[in-house]
Amino acid sequence: MKEGLFLRKNKKKWEAIEQETRNVSSIHPDRLGELFIELCDDLSYARTHYSNSPIVKYLNTLTARIHQTIYKHQSIRFWQIAQFWTRDVPLVMASVRKQLLVAFTIFILSCAIGVISTLNDTGEYEFARGILGSSYVDMTLRNIKNGVPMAVYNKKEPLLMFVRIAFNNIRVAFWTFVWGGFASILGIYAFLFLSIGTAYILFVNGVMVGTFQTLFYKENLLWESASVIWLHGTIEIWSIVLAGGAGIIMGNSIFFPQTYSRRESFRRGAEKGGKIMLSLVPFIILAAFIESYVTRYADMHIILKMLIILGSLTLVVFYFVIYPFMVEKQEKLRQNQNKNNLPALYYS
């Protein structure tokens with residue numbers, strides 16, 4: 001390739017990178033890495049074919065600027081953590097809305113199946129026993145008869161209960177996520193673009209929630225049970241649905257690689273899903289804490305209950321739905337400003 005053609009082919013790209021890296025401290029390390037690799041490729045080509053050209057000096061200066069920043073960022077651990085929560089996760093959430101909507105739809109439909117099936121169940125709760133287990137249904141009915149329908153939440157020592165619940169919920173969320181990729185790797189075809197393993201776990205959990213809540217409804221305890229169960233269930237159920245969405249993202253990355261190789265597409269899907277899963281861990285732990293230390297006080301004032309439920313709902317909706325829109329809008333605005341303020345590339 002002649003030097004003039006090489007310049008014309010890459011000029012706009014270099015100008016954009018130069019403008020973007022004028023304030024390198026504001027650029028995410030992953031983005032810096034991508035720019036560094038791209039510039040290194042161009043610099044290597046220029047050194048090989050146009051060793052005495054001003055292009056080499058220009059690219060070397062631009063590459064060195066990013067290189068110094070990358071090594072500087074390696075020691076700024078707190079900054080990286082802050083970027084993860086304030087930028088990485090929200091941008092991932094903004095880019096996978098469709099998959100998360102699919103996961104939410106599966107869960108809602110499966111809840112409806114649990115509700116309808118339990119409503120049409122016999123007086124012996126045969127369907128509920130098949131879903132929740134006979135011993136659990138018997139225990140619940142016994143507690144209701146004894147006037148303490150929510151006794152299951154205050155029978156165990158809170159610390160041990162917290163550890164057990166947190167571990168179990170993280171395990172469920174993890175498997176909901178992993179099955180999305182595992183099922184795809186095995187070559188199991190998905191229905192309606194889904195990873196069947198993830199969809200199945202979402203389905204089972206949805207049916208269980210619908211069945212459990214409807215059991216109390218049939219015992220004329222819907223409000224009393226819901227005002228207690230959803231103290232922790234608001235965050236807990238939301239986390240399971242998001243884990244399902246993360247699994248669908250990873251599974252679809254193999255089924256639909258688009259312009260990438262399947263290996264690269266899977267890597268990208270796993271990275272996105274992994275970020276969502278990592279962001280869910282504090283929420284799952286918070287839900288376990290509420291279930292172990294707060295839900296046991298079923299007789300607390302209804303105002304306090306509603307504050308906890310609505311507060312939990314506001315927290316997850318804001319961080320995982322509203323805030324991603326805000327960050328995405330800011331990111332697009334920043335990119336547009338960079339495009340509209342490109343400097344001329346000096347070349348003689």
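Derivation of every value follows stated rules applied to the coordinates shown; laboratory data play no part. Small disclaimer: the values here were computed from a predicted structure and weren't measured. Because the Cβ atoms are built from the backbone with ideal geometry, glycine has one as well, and the counts that use them run over all protein chains shown.
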Degrees between helix 158-185 axis and first principal axis of the chain (Cα, 0 to 90, nearest 10): 60 degrees
Kindly state, to the nearest 0.05, the FRET efficiency for Asn220 paired with Val163, given R0 = 41 Å and r defined as their beta-carbon distance. 0.75
Report the calculated FRET efficiency for Glu264 and Leu5 (r = Cβ-Cβ distance, R0 = 25 Å), to the nearest 0.05. 0.30
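For the chain, what is the charge dipole size about the Cα centre, in debye to the nearest 20, if Lys and Arg each add +1 at the Cβ and Asp and Glu each add -1 at the Cβ?
The calculation lands at about 1240 debye.
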Can you sort His67, His232 by how many other beta carbons sit within 10 Å, fewest first? His67, His232
Fewest-first ranking of Glu224, Glu124, using other Cβ atoms within 10 Å as the exposure measure: Glu124, Glu224
Hey, fewest Cβ within 10 Å first, where do Trp14, Trp85, Trp175, Trp238 land in order? Trp85, Trp175, Trp14, Trp238
Need one word for the chain: rounded, prolate or oblate. Basis is the Cα gyration tensor (sqrt eigenvalues a ≥ b ≥ c); a/c below 1.5 gives rounded, then a/b vs b/c decides. prolate
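What ranking do 104-114, 305-315 get when scored by the average of other Cβ atoms within 10 Å per residue, highest first?
Numbers: 104-114: 18.5, 305-315: 15.5.
Per-residue Cβ counts within 10 Å, averaged per peptide and sorted highest first, yield 104-114, 305-315.
Find out how many positive minus negative residues lie around Ser253, taking Lys and Arg as positive, Asp and Glu as negative, among other residues whose Cβ is under 12 Å from that of Ser253.
Working: positive: Arg262, Arg263, Arg267, Arg268, Lys272; negative: Glu264, Glu271.
Once positives and negatives cancel, what remains is +3.
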Quick one: if the Förster radius is 35 Å, what FRET efficiency do Arg87 and Phe256 give, using the C-beta to C-beta distance and rounding to 0.05? 0.85
